[in-house]
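I have a structure I would like to understand better, so I am pasting it below and will then ask my questions one at a time.
The values are calculated or read from the model by the stated rules, or taken from the named source; none is laboratory data. Note that this is a predicted model, so its numbers are computed, not measured. Quick reminder, even Gly has a Cβ in these numbers, built from the backbone with ideal geometry, and neighbours come from all protein chains shown. Areas reflect the complete protein model, heavy atoms only, side chains present, ligands, DNA and RNA absent. Shrake-Rupley method; radii C 1.70, N 1.55, O 1.52, S 1.80 Å.
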Amino acid sequence: MIPAQTPEDRPAGQARQLPPATVSRLTLYLRTLNALLADGVENVSSDALAESAGVGSANVRKDLSHLGSYGTRGVGYDVANLSRQIAQALGLTHEWRVAIVGAGNLGRALARYAGFESRGFDVVALLDADQMVIGTEIGWLRVSDVANLESVLESTRANMVVLALPAQVAQSVCDRVVEAGVHSILSFAPVALSVPEHVNLRKVDMATELQILAYHAQRLQEPGLERDRPGA
């Protein structure tokens, strides 16, 4: 296993700029490769990897070429080595320490999710403003007071924050997170947040995703429009 390192430990010039679509697919390949490793599989072909990940084999070969991995004719890719390469490209060999702000239903579910640790993310803090919730234990975490956000982020050395907050408070908390020096934020808040250019902000809006899904589902029910479905 490759030792964890912080982003600052990475040598200059080592990071690779990958196309966004490639980054998304690499996460699928890594999930498949980890399952193959668990099953004791040593080699995998691009066709088999593509089928397991649900993408085209041409995409697999193109995506992996960005990593300098081309496989061996007649053998395919070494599963353990390719898994390592993808983990490095995605930054998963760094030490990612995650604080979750918001201990409502979503925040509690995220805090209990065991899959984060196996993917290189250590949930180190859970915060909320509700005095009835502060001090209670959710999984292995004790809920901290969001009033102490800055000190909690510092003491836990969190370098990623998940916002599981209502829209009306999300921006103010986001501002505090940025001011505290955390520049990687995942927001589940149903509102567009404003951050400086150097901050990486990812937004997950499940209601919006369901609306998009409903649009495509509706088109599938209309005669002659099946060819327009996503991925067609």
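I'd like the full set of residues that are open to solvent by less than 70 Å² (accessible area, probe 1.4 Å), over 21 Å from the mean Cα position of the chain (by Cα) and closer than 14 Å to P19 by Cβ, limited to the stretch 62-77.
Hit for the stretch 62-77 is S65, nothing else.
Of everything in the stretch 162-186, what is assigned to a helix (DSSP H, G or I), closer than 18 Å to L106 by Cα and not polar (S, T, N, Q)? Give them in sequence order.
Residues satisfying the conditions are A167, V169, A170, V173, C174.
Against the definition (at pLDDT below 90 and either in contact with a helix residue (DSSP H, G or I) (Cβ under 7 Å, 6 or more places away or on another chain) or aliphatic (A, V, I, L, M) (or both)), how does A192 come out, yes or no? If you could, list the steps in order and put the result at the bottom.
Details: at pLDDT below 90: no; either in contact with a helix residue (DSSP H, G or I) (Cβ under 7 Å, 6 or more places away or on another chain) or aliphatic (A, V, I, L, M) (or both): yes.
Judged against the criteria, A192 is not a match.
Right, here's the next one. Looking only at the stretch 161-203, count every residue that is open to solvent by less than 50 Å² (accessible area, probe 1.4 Å) and in contact with a strand residue (DSSP E or B) (Cβ under 7 Å, 6 or more places away or on another chain) and tell me the total.
18
What pairs come out if I take residues in the stretch 125-153 that are assigned by TED's automatic domain parsing to the domain that holds L165 and under 24 Å from E179 (Cα atoms) and pair them with residues that are at pLDDT below 95 and β-branched (V, I, T) whose C-beta lies under 7 Å away, six or more apart or interchain?
L126/I138
For the stretch 33-61, give me each residue that is free of Cβ contacts under 8 Å to residues at least 12 places away in the same chain, under 24 Å from the mean Cα position of the chain (by Cα) and over 17 Å from S118 (Cα atoms).
Selection gives A50, E51, G56, S57.
Which ones in the stretch 114-138 are surrounded by 13 or more Cβ atoms within 10 Å (Cβ to Cβ) and either aromatic (F, W, Y) or at positive phi (or both)?
Applying the first criterion (surrounded by 13 or more Cβ atoms within 10 Å (Cβ to Cβ)) to the stretch 114-138 yields 116, 119-130, 133-134, 136, 138.
Across the stretch 114-138, the qualifying residues are F116, G120, F121.
Residues being farther than 30 Å from T27 by Cβ and β-branched (V, I, T): count how many of those fall in the stretch 120-145.
Total satisfying the criteria: 3.
Right, next: Could you say which residue among R108, R84 is in the same structural domain as Q168 (by TED's automatic domain parsing) and not in a loop (DSSP other than H, G, I, E, B)? Walk me through it before giving the result.
Details: R84 fails: in the same structural domain as Q168 (by TED's automatic domain parsing).
Going through R108, R84 in turn, just one is in the same structural domain as Q168 (by TED's automatic domain parsing) and not in a loop (DSSP other than H, G, I, E, B): R108.
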